[in-house]
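The values are calculated or read from the model by the stated rules, or taken from the named source; none is laboratory data. None of the values given here were measured: they were computed from a predicted structure. Cβ coordinates were reconstructed from backbone atoms using ideal geometry, including for glycine residues, and neighbour counts include every protein chain displayed. Calculation scope for accessible area: heavy atoms of the full protein, side chains included, ligands and nucleic acids excluded. Shrake-Rupley method; radii C 1.70, N 1.55, O 1.52, S 1.80 Å.
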Amino acid sequence: MQNPYKPYPVRIRRIIIENDTRDLKTFELVFLNKEDEECFRYTPGQFAELSVYGAGESPIGIASSPTEKGFIKFTVKKMGVVTTALHNMEEGQVIGIRGPYGNWYPFHLMEGKDIVVIGGGFAFTTLRSAIVYMLHGENRKRFGKITCIYGARNAGELIYKPELKEWEERSDIDMYVTVDKLNGDPWPAREGFVPAVTKEIAPSSENSICLVCGPQIMIKFTIPVLTELGFPPDRIINSLEMRMKCGIGKCGRCNIGNRYVCKDGPIFSLAQLNEMPDEY
Amino acid sequence: MEEKVISREKVVTFIDTLIGKYYVFAPVKKKDFISFDEVKSGNEVYLGYRNSKDSPKRFLFPQSEVMLRYEKGRLIEEGPFDYGKRVIFGIRPCDIKGFSLLNKVFDNHDFRDPYFITKRDSIILIGMGCREPQTTCFCTSLGIDPGSSDGADLFITDIGNKYVFQILTSKGEGIISEYDGFNDAEKADLDMKEKVSEDAKERIRTKVEISGLKEKLDGMFEDPFWSDLHEKCIGCAICTYLCPTCHCFDIEDETVNDKGVRRRNWDSCMFPLFTLHTSGHNPRESGKERMRQRIMHKFNYFVSYWGDTACVGCGRCIINCPVNMDLRKVINNINHG
Ligand SMILES: Cc1cc2nc3c(=O)[nH]c(=O)nc-3n(C[C@H](O)[C@H](O)[C@H](O)COP(=O)(O)OP(=O)(O)OC[C@H]3O[C@@H](n4cnc5c(N)ncnc54)[C@H](O)[C@@H]3O)c2cc1C
Ligand code: SF4
Ligand code: FES
């Protein structure tokens, strides 16, 4: 019988410091065993449990896309025991990973539609995965216009900066990178909070679906804007966070009403969330 | 189904024959309570028990269990580790039902939990019907019969001077054959067995209404009911630790000098840390949300997820709560509120 709690060993290939505060690091990981890599088939939106023996495990959203072969990546904020232990690691060291867990962005519904991606702060990780996936080769044709609004407190806190700049140059995605305060930085070109920028750009809701991830406060003010633009609740897609341990619906801690966020989520539409108790 | 009988004295010798071939766990009298413990002789078994203080769920899902071992940041050995062949002698029908509820969580089409499953598969359950239910028992309200052999490998009914053994599985058959002191049951024995079971059922006076409870709770998340309910609760979590159906756990690493183990330990929805995010945000901030979670999980969420109620009516949470929270009253208040 397969042991779902047994982590696959992975080597840290590269560590990238993402922000000026230096509390966000991206870890590129490679599987030590080819068979493990085959078992680990994921879709954007899913997460994994990263395991540092001696510190413990943490659920982290997968930031790479399955179209990127040979490695997987995660962007981790230094918070407590496990994430600090991860931040203290060096390239070449081995950690564990188990997963992939949870559901994914609803690509079956997104196909043939215009896509609006709205992200805030470091919660841009699985959105990045979705964008890279949709922009990849033959995949691009399956989706209509792609619009991305991404904001952070200031320029230094935006993650994946080189990639954002690259996307700004592309014609198959409309990028709107914004910061709360510019402080005279040469990039990005825009200043303003995500909800305000969304209102200003006013992406059409016609045949369109919106993925939105970010701090609670950003979500709270963005949803009314989307509703005003005509996005119905079943076409506003969210990703949730709850404290987790097992990641597989057994340890009993991550439920919201009768759904386990680790198994039935973390991706829920606003329509689903409206049906669930307000306890997250 | 085959039925055998054995005299009261010979039960002790039967247990003695099992010891040595299996690790035998049976009700043992402690200072002021009963618990399932490993016995080294049939004489240690306390046959006059009503039920154990703690639930035998720990034989499948221990309070603390090693999942894997690591050294210098590398995995060196993974579980499940072998617990040997175990016989649980005298487990009650409600607690066997508890096993089947845990089974839904730990062994399903999504993820199979090898720690639970290997223990389940290597354990032999010798159930025992109740003669004298406690005043806090309400298993019949949950559709459990105090004389039910469901889920057992062997099932015993105490008919006074003798014990009737029903053989229900090949595992049960196997251990009966370890001992040659059994006789075939006669009609009088079986009639007596029926009577004992019927009497036990009669003795359970407390009834709570479970049908319609889930639907009632569907609309009660925001009800003011929860604001008062938790007030006397001190959050000790005894109710969940002793519950045969509670399955929440934590996973923790324990390290000494580069070497360590990853453990799974019981945890409880009654603890504030259970859902606390590192950011400080807690979706279940006060006792109100936590008590609501406990009740909702048992009588609403579990029902919609697994199609059954996560309660067996054993009454342990009622007997042992330091502030006398009575689950039966809670259910009645929900039904009549
Ligand atoms: C689906 C999902 C995706 C996530 N994606 C990311 C990501 O891409 N990048 C990132 O930096 N963080 C992410 N998080 C949050 C991250 O899991 C927590 O910050 C992290 O577990 C904190 O662990 P710690 O050991 O450092 O903190 P401690 O407080 O020392 O540890 C407590 C333990 O509790 C659990 N825990 C505590 N807070 C949370 C939480 N908010 N969510 C889940 N479990 C928690 C973990 O098991 C953790 O090990 C995600 C959470 C979820 C549920
Ligand atoms: S046993 Fe009683 S006091 Fe303790 S957590 Fe349960 S209800 Fe609260
Ligand atoms: S994390 Fe264990 S049930 Fe969801």
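Points worth noting:
- The mean number of Cβ atoms from other chains found within 10 Å of a Cβ in peptide B:68-77 is 4, as a whole number.
- Considering only GluC sites (Glu not before Pro) in DSSP loops that have at most 16 other Cβ atoms within 10 Å, the longest stretch of chain B without any of them is B:1-177.
- Note that the range A:123-133 has calculated 3J(HN,Hα) couplings of 6, 9, 4, 6, 5, 4, 4, 5, 5, 4, 5 Hz, one per residue in order, obtained from phi through the Karplus relation 6.51 cos²θ - 1.76 cosθ + 1.60 (θ = phi - 60°); glycine and proline are x.
- For the range A:8-100, the carbon plus sulfur part of the accessible surface works out to 46%, probe radius 1.4 Å.
- Those GluC sites (Glu not before Pro) in the range A:27-135 that DSSP places in a loop and that have at most 16 other beta carbons within 10 Å: A:68, A:90, A:91, A:111
- Nearest-0.05 FRET efficiency for residue B:112 and residue B:161, computed from C-beta distance (R0 41 Å): 0.35
- Label point distance in nm, residue B:256-residue B:82, each placed 7 Å from Cα along Cα→Cβ: 2.5
- Placing a label point 7 Å from the Cα of residue A:20 along the Cα-to-Cβ line, the residues of the range A:155-172 whose backbone N sits under 11 Å from it are A:155-158.
- 3J(HN,Hα) couplings calculated from phi for the range B:309-317 with the Karplus curve 6.51 cos²θ - 1.76 cosθ + 1.60 (θ = phi - 60°) are, in sequence order, 8, 8, 8, 10, x, 6, x, 4, 5 Hz; Gly and Pro show x.
- The alpha-carbon atoms of the range A:107-239 define a convex hull whose volume equals 97 cubic angstrom per residue.
- Average projection area in nm² (convex hull over Cα atoms of the protein assembly as shown, one quarter of hull surface): 30.9
- Summed residue charge, Cβ within 9 Å of residue A:279's Cβ, Lys/Arg positive, Asp/Glu negative: 0
- Per residue accessible area in Å² of the protein assembly as shown, where ligands, DNA and RNA are left out and the probe is 1.4 Å: 42
- Using bins of 5 Å that start at zero, the share of Cα-Cα pairs per bin across the range A:8-100 amounts to 3, 14, 27, 29, 17, 8, 1, 0, in whole %.
- Relative contact order, percent, chain B [alpha-carbon distance under 8 Å, six or more residues apart]: 21
- Working note: 222 nm ellipticity from helices only, DSSP H runs with n ≥ 4, each -39,500 (n - 2.57), summed and divided by the residues of chain B, gives -8500 deg cm²/dmol to the nearest 500.
- Nearby lysines by direct alpha-carbon distance to residue B:232 (threshold 19 angstrom, same-chain neighbours under 8 apart not counted): B:288, B:329
- Other residues whose C-beta falls under 13 angstrom from the C-beta of residue A:31 contribute a net charge of +2, scoring Lys and Arg +1 and Asp and Glu -1.
- FRET efficiency estimate (nearest 0.05) - Cβ-Cβ, residue A:200 to residue B:306, R0 51 angstrom: 0.60
- Between A:113, A:250, A:77, the GNM of chain A built on Cα springs shorter than 10 angstrom shows A:250 fluctuating the most.
- Take each residue in A:80-89, count the other chain C-beta atoms within 10 Å of its C-beta, and the mean is 1.
- Of the accessible area of chain B, computed with a 1.4 Å probe over protein heavy atoms only, carbon and sulfur atoms account for 48 percent.
- In order along the range B:196-208, phi translates into HN-Hα couplings of 4, 5, 4, 4, 4, 4, 4, 6, 7, 8, 6, 10, 10 Hz, rounded to whole numbers, per the Karplus curve 6.51 cos²θ - 1.76 cosθ + 1.60 with θ = phi - 60° and x for Gly and Pro.
- Nonlocal amide H pairs with residue A:146, under 5 Å, H built at 1.01 Å: A:115, A:174
- Spatially proximal aspartates and glutamates relative to residue B:85 (Cα-Cα < 18 Å; intrachain offsets below 8 disregarded): B:16, B:37, B:38, B:65, B:121, B:153, B:173, B:178
- 12 Å beta-carbon shell around residue A:163, net charge (K/R +1, D/E -1): 0
- Excluding ligands, DNA and RNA and using a 1.4 Å probe, chains A and B jointly bury around 3700 Å² of accessible surface, summed across both partners.
- Dipole check for chain A: with +1 at the C-beta of Lys and Arg, -1 at the C-beta of Asp and Glu, and the Cα centre as origin, the magnitude is about 600 Debye.
- In nm, spacing of pseudo-spin labels at residue A:1 and residue A:78 (7 Å Cα→C-beta vector): 4.1
- Degrees separating the helix B:93-106 axis from the principal Cα axis of chain B, which is the longest one: 50
- FRET efficiency, 1/(1 + (r/R0)^6) with R0 45 Å, evaluated for residue A:187 and residue A:141 via beta carbons: 0.90
- Relative contact order (%) - criterion: Cα under 8 Å, at least six apart; region: the range A:44-121: 36
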